[in-house]
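Please read the structure below before turning to the comments.
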Amino acid sequence: MIKQKTFVIAEAGVNHNGNPSLAFELIDIAADCGADAVKFQLFDSEEIATEYAEKANYQLKDNNHSKQFEMLKSLELPKEIYKDLKDYCSIKKIDFLCTAFDKNNINFLVEKIKPKKLKIASGEITNAPLLLAFAKTNYELILSTGMSTINEIKEALGVIAFGLINKDNKNITPSREKFITAFESDFGKKKLEEKVSLLHCTTEYPAPQKDLNLKAIESMKNFFHLNIGYSDHSEGIDASIVSVILGATIIEKHFTLDKNLVGPDHSASLDANELKNLILKIRLVEGMTNEEKNRHLSSIKNLNVIMGDGIKEPKESEVKNIDIARRHLVANKNIQIGEVFNEKNISCKRSKKGLSPILYWDLLGHISKSKYNKDDIIK
């Protein structure tokens, strides 16, 4: 059997540092290196983080901003530039992909930009309202799974399955019970197979070899029976190559114009020469016999270390990033005691540790027993 060509995503992310001209240069690099897609991020900082959100350790490399919100604000691109980026990708014959972080920007991508697929970041895996919005687009989805357990991925897929099944039905109220039912249904499984790919990932920049746990690719494939890829945050390219040999159908890797630029992701990204080398080696591996692949695996330094135990769970270097990268339920405006929680006065943002967004619908309709100021966590 001929192996399916690995879909290589060159992750530009926020390595444009908020500068549109750098974003176009990153497209040039990705296309010239032979990537299948180049991926950006689209967000409004006010919709992602409160002023209370701390920066992750790897984000501390950006010394210009003390808080996560300030850093994110500096990394925003003007929304009107995304159509130009997509059009330029068409000229360069490379797919344009983008990760959206709120419902309005999902709608903007679907209605104005029309990419082939949508990407969901690891930090959103418990953000059930956002997952549901992604599902209701009926787009192909790529879901990263850094910092997560098998059960958390299952619950996220349940939200997506529910959304795919009920994409045109606005009268069914979401609930965790309905998410589980959707995930376990034959129709839900069929829709997930048609629409969703998962990426194994270790959410740390750079991710240490001892926490890469590449065996989890096989564990996830056996459990979910979906296309499984790998979002590689490690240094170098060995982990990506091993993942392809293990059957990863998608590889996502950060790249940059210059590793010395100021910003949270540059130092853990590949430069142009390294990205080109990665893609060349992936294409070589795809044409190898099983015997040749095994010989190549035996040549990888610290192979046993990067393979890990195969248990899909947050590894040591990721644990500290969970509460920083994930959202919590917060007040979207000032809420008085006795006020009813509704879709306008609560939302999901990165903040101090609080209730998981998976509880969003459980909270709606209940009466607030406390007074909250805008962006306070809901207790």
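The values are calculated or read from the model by the stated rules, or taken from the named source; none is laboratory data. Treat the numbers as computed from the prediction; the structure is a model and nothing was measured. All Cβ positions, glycine included, derive from the backbone under ideal geometry; neighbour counts span all protein chains shown. Accessible surface is based on the protein model in full, side chains and every heavy atom, while ligands, DNA and RNA are left aside. Shrake-Rupley method; radii C 1.70, N 1.55, O 1.52, S 1.80 Å.
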Original post:
Anyone know which of Lys301, Lys67, Lys167 comes out most mobile in the 10 Å Cα GNM of the chain?
Top reply: Lys301
Subject >> Residue among Ser185, Ile237, Thr99 farthest towards the positive dipole end of the chain, charges placed on Cβ >> reply: Ser185
Original post:
Expressed as a fraction of 2.2 N^0.38 Å, the rule-of-thumb size for a compact globular protein of N residues, what is the C-alpha radius of gyration of the range 1-158?
Top reply: 1.07
Subject >> Within the range 107-146, backbone nitrogen closer than 20 Å to the virtual label 7 Å beyond the Cα of Asn342 toward Cβ >> reply: 129
Original post:
Looking at Gly158, Asn227, Pro208, which one has the Cα that reaches farthest to the positive end of the dipole of the range 123-233 (charges on Cβ: Lys, Arg +1; Asp, Glu -1)?
Top reply: Gly158
Subject >> Charge dipole (debye, nearest 20) of the range 113-228; +1 at Cβ of Lys and Arg, -1 at Cβ of Asp and Glu >> reply: 380
Original post:
Taking all pairs of different Cα atoms in the range 331-379, averaging 1/r and flipping that mean, what Kirkwood radius in angstroms comes out?
Top reply: 10.7
Subject >> Of the GluC sites (Glu not before Pro) in the range 1-51, those whose Cβ has at most 12 other Cβ within 10 Å and which sit in DSSP loop >> reply: Glu51
Subject >> Total charge dipole magnitude, the range 1-151, about the Cα centre, Cβ charges on Lys, Arg, Asp, Glu only, Debye to nearest 20 >> reply: 580
Original post:
What value, in deg cm²/dmol to 500, does the helix sum -39500 (n - 2.57) over DSSP H runs of n ≥ 4 give at 222 nm once divided by the residues of the chain?
Top reply: -10500 deg cm²/dmol
Subject >> Charge-dipole axis of the chain as Lys and Arg at +1 and Asp and Glu at -1 on Cβ define it, positive-most pick from Ser347, Asn321, Ile367 >> reply: Ile367
Original post:
If eta is 1.306 mPa s and T is 10 °C, what Stokes-Einstein diffusion coefficient results for the chain, Kirkwood Rh from Cα pairs, in µm²/s?
Top reply: 75
Original post:
How large is the accessible surface per residue of the chain, computed with a 1.4 Å probe and reported in Å² as a whole number?
Top reply: 44
Original post:
Comparing Asn127, Asn213, Asn304, which has the greatest mean-square fluctuation in the GNM of the chain with Cα pairs linked when under 10 Å apart?
Top reply: Asn304
Original post:
Using a Förster distance of 35 Å, how high is the FRET efficiency between Asn273 and Glu313, based on the Cβ-Cβ distance and rounded to 0.05?
Top reply: 0.50
**OP:** Send over the semi-axes of the range 236-343's equivalent ellipsoid, whole angstrom and largest first, taken as the square roots of 5 times the C-alpha gyration tensor eigenvalues.
**Re:** 40, 20, 14
Original post:
Based on the Cβ-Cβ distance of Glu111 and Leu364, what FRET efficiency does E = 1/(1 + (r/R0)^6) give at R0 = 35 Å, to the nearest 0.05?
Top reply: 0.85
**OP:** Round to the nearest 0.05 the FRET efficiency obtained for Lys352 and Ile300 when R0 = 45 Å and r is the Cβ-Cβ distance.
**Re:** 0.65
Subject >> Cross-link partners of Lys79 among aspartates and glutamates (Cα-Cα below 17 Å; sequence separation of 8 or more within a chain) >> reply: Asp44, Glu46, Glu47, Asp87, Asp102, Glu111
Original post:
Dipole size in debye (nearest 20) for the chain around its Cα centre, Lys and Arg Cβ +1, Asp and Glu Cβ -1?
Top reply: 720
**OP:** Just the number, please: carbon plus sulfur as a percent of the accessible area of the range 250-379, 1.4 Å probe, no ligands or DNA/RNA counted.
**Re:** 51
Subject >> Unsatisfied cross-links (Cα-Cα over 28 Å) in the set Lys5/Lys114; Lys92/Lys293; Lys117/Lys170; Lys39/Lys344 >> reply: Lys92/Lys293; Lys39/Lys344
Original post:
Taking a quarter of the surface of the Cα convex hull of the range 184-226, what do you get in nm²?
Top reply: 3.6
Original post:
Between Lys210 and Leu280, what is the label-to-label distance in nm when each label sits 7 Å out along the Cα-to-Cβ direction?
Top reply: 3.4
